[in-house]
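One structure below.
Any read-out appearing in this document is the output of simple, stated calculations on the displayed coordinates, not a laboratory observation. Source: prediction; values computed, not measured. Glycine gets a Cβ as well: all are built from the backbone with ideal geometry, and neighbour counts include every protein chain shown.
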Amino acid sequence: MNYCLYYQAIVQKELCWYLTAILRSYEHMAFDRTMDVAESRFEFFVPPAFEVLFEAVMGQMVAEGVVMELQKLPNRLLVPGELV
């Protein structure tokens, strides 16, 4: 079974809607989910075939100040004991 790549980022609260709209305009590129509303922390599950495109889009979002602290992490669904 193949698993998606996993990213987390802090998103400027006022622009969460913008980031979500941009990501959803690219069909199947990423699944986004808010992990922590107070901190505005999002997680992203990205199919390996879309990694280059996702990183390009997110790089633009970082340049525009929409996304902060973007980081690629181990997929939390593969970490034993992690809450789902």
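Report the Rg/Rh value for the chain, based on alpha-carbon coordinates and the Kirkwood definition of Rh.
Rounded to two decimals, Rg/Rh equals 0.95.
Across segment 42-50, in residue order, what do the Karplus-derived ³J(HN,Hα) couplings come to in whole Hz, using 6.51 cos²θ - 1.76 cosθ + 1.60 with θ = phi - 60° and x for Gly and Pro?
After applying 6.51 cos²θ - 1.76 cosθ + 1.60, I find 10, 10, 9, 9, 10, x, x, 5, 10 Hz.
Report ³J(HN,Hα) in whole Hz for each residue of segment 2-18, in order, from the Karplus equation J = 6.51 cos²θ - 1.76 cosθ + 1.60 where θ = phi - 60°; Gly and Pro get x.
So the J values, rounded to whole Hz, are 8, 10, 6, 6, 10, 10, 10, 7, 8, 10, 4, 3, 5, 10, 4, 4, 5.
Defining a contact as two alpha carbons under 8 Å apart and six or more residues distant in sequence, what relative contact order in percent does segment 5-75 show?
Worked out over segment 5-75, it gives 51 percent.
Under a point spin-label approximation (7 Å from Cα along Cα-to-Cβ), what is the E14-L78 distance to one decimal in nm?
3.9
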